[in-house]
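For reference, the structure discussed in these notes is given below.
The values are calculated or read from the model by the stated rules, or taken from the named source; none is laboratory data. The structure presented is a predicted model; accordingly, all values stated were derived computationally and were not measured. Every residue, glycine among them, receives a Cβ derived from its backbone with ideal geometry; neighbour counts consider all protein chains shown. Only protein heavy atoms, including side chains, enter the accessible area calculation; ligands, DNA and RNA are left aside. Shrake-Rupley method; radii C 1.70, N 1.55, O 1.52, S 1.80 Å.
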Amino acid sequence: MGKTIAEKIIGNHAGYEVCAGEIALCSIDLVMMHDANGPLAVRAFREMGGENVFDPEKVVVVFDHCTPPSNEKLSNIHAFLRSFVKEQNIHFYEGGRGVCHQLVAESGWASPGSLIVGSDSHTCTYGACGTLSTGLGATDIATALLTGKLWFKVPKTLRVNLKGLLPSMCDAKDIILYTIGTLGADGCNYASVEFYGEYLEHCTEANRLTITNMVVEMGAKCGFTCHSKLGVQADPDAEYFKTVEIDLTTLEPVIAKPHTVDNMCFIREVEGIPIQQAVLGSCTNGRYEDLEQAAMILKGHHIDPGVRLLVYPASETVLRRAAASGILIDLIDAGATICTPSCGVCVGTLGGVPADGENVISTTNRNFKGRMGNNKAKIYLASPQTVAASALAGRIADPRELIV
């Protein structure tokens, strides 16, 4: 029987062939930590007797969840981590450089066939680069820091066949939201997901990163957007526990309603609900292409006076490119506020927290109650095009209604 991508990568890092369900001790290619959960991992590392990380060249620390710090507690957390970075001589991205997942991808840390663990649940993003990547808790991250190895249960694999190409004003975000809504929040628990289809041969890396970023929202351990240039491929006779087909040609813009990501419906079912805040950015949709798609809709127009539009570029590189191309000016002219390249309001630790009873439409990846810092607000998740169209209308709007 052939091997899935997850079976191949885990087997290569264990040093022998493995099958789904088996337990394997694997060497780690990169350990990533950020400023929200990193301190917990460092303290656990110390409690284990750790003095030096296994390999300074294979550890990256990113400040993105709490940057710039808004109070002395967060500032002290940053100071604690900066001290650890200096002591261990490990790789470091200061606040404002971008979101951890974007930085790992655009800096070349994630490569085909590699194995990466991170202190963030959306570490699965790097599957778009052919990497088996997954988020872990503080104790596991501390163990990886100390030994460079971790035990893994080899995940079973779900295959998702994407049929055809997307209609106008539909996006990769619509694909993954529809998939999550179809399979459910627990539809792929501890599984690997392999996406296939003509669309993945033609779309951008940004699109593929959007899809893999959110596989964790249906319980997956990791995910891969498979195409001819991925660099690591499943065998033709690989075994899947389930195969799902999604016809992209019939897909419409979708949205995830409060307060779960799998609470999905088509835009037309909720069109007209007033919104007070719109968010463009995050590790899911803060890339240049995402800002560009929103700017195409917003250029020459102005957002509704009752709406606040916050833009969080995924990295400094994205910010610079958007500035150089003029997209940033288009967004500003439309009424957007450009914020620090970071996680921003997504996790509710900094600015942009909505007020009681407000509705937020966002390109982020989670809409749990209290996710943006206020459990009395409601968060809807959608594509950059839908967020831009809704910001213009002052209500949840179908981007297909706009002539751009």
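Here are the numbers:
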quantity	calculated
Summed residue charge, Cβ within 13 Å of LEU158's Cβ, Lys/Arg positive, Asp/Glu negative	0
Amide proton proximity set for ILE275, modelled H, under 5 Å, gap of 5+	ARG395, ILE396
Per residue accessible area of the stretch 182-322, 1.4 Å probe, in Å²	38
Per-peptide average of other Cβ atoms within 10 Å, ordering 265-275, 387-397, 122-132, 327-337 highest first	122-132, 387-397, 327-337, 265-275
DSSP beta bridges in the chain [antiparallel fraction, %, rounded to 5]	20
Cα centre as origin, Lys/Arg/Asp/Glu Cβ charges: the stretch 42-130 dipole, Debye	120
Cα centroid separation, the stretch 199-221 to the stretch 255-314 (Å)	18
Subset of LYS257/LYS369; LYS8/LYS153; LYS156/LYS229; LYS58/LYS229; LYS58/LYS86; LYS257/LYS378 violating a 20 Å alpha-carbon distance limit	LYS156/LYS229; LYS58/LYS229
Restricting the stretch 27-102 to chymotrypsin sites (Phe, Trp or Tyr not before Pro) in coil, as DSSP defines it, with at most 14 other Cβ within 10 Å	none
Helix-only mean residue ellipticity at 222 nm for the chain, each DSSP H run of n ≥ 4 adding -39500 (n - 2.57), per residue, nearest 500	-8500 deg cm²/dmol
Those GluC sites (Glu not before Pro) in the stretch 134-231 that DSSP places in a loop and that have at most 14 other beta carbons within 10 Å	none
The stretch 281-365: GluC sites (Glu not before Pro) in DSSP coil with no more than 11 other Cβ atoms inside 10 Å	none
Cut-off 15 Å between beta-carbons: net charge of the residues surrounding GLY370, Lys and Arg +1, Asp and Glu -1	+3
Label of the coordinate-derived value, Cα Rg over 2.2 N^0.38 Å, listed as (i) 1.03; (ii) 0.95; (iii) 1.21	(ii)
Cut-off 13 Å between beta-carbons: net charge of the residues surrounding TRP109, Lys and Arg +1, Asp and Glu -1	-2
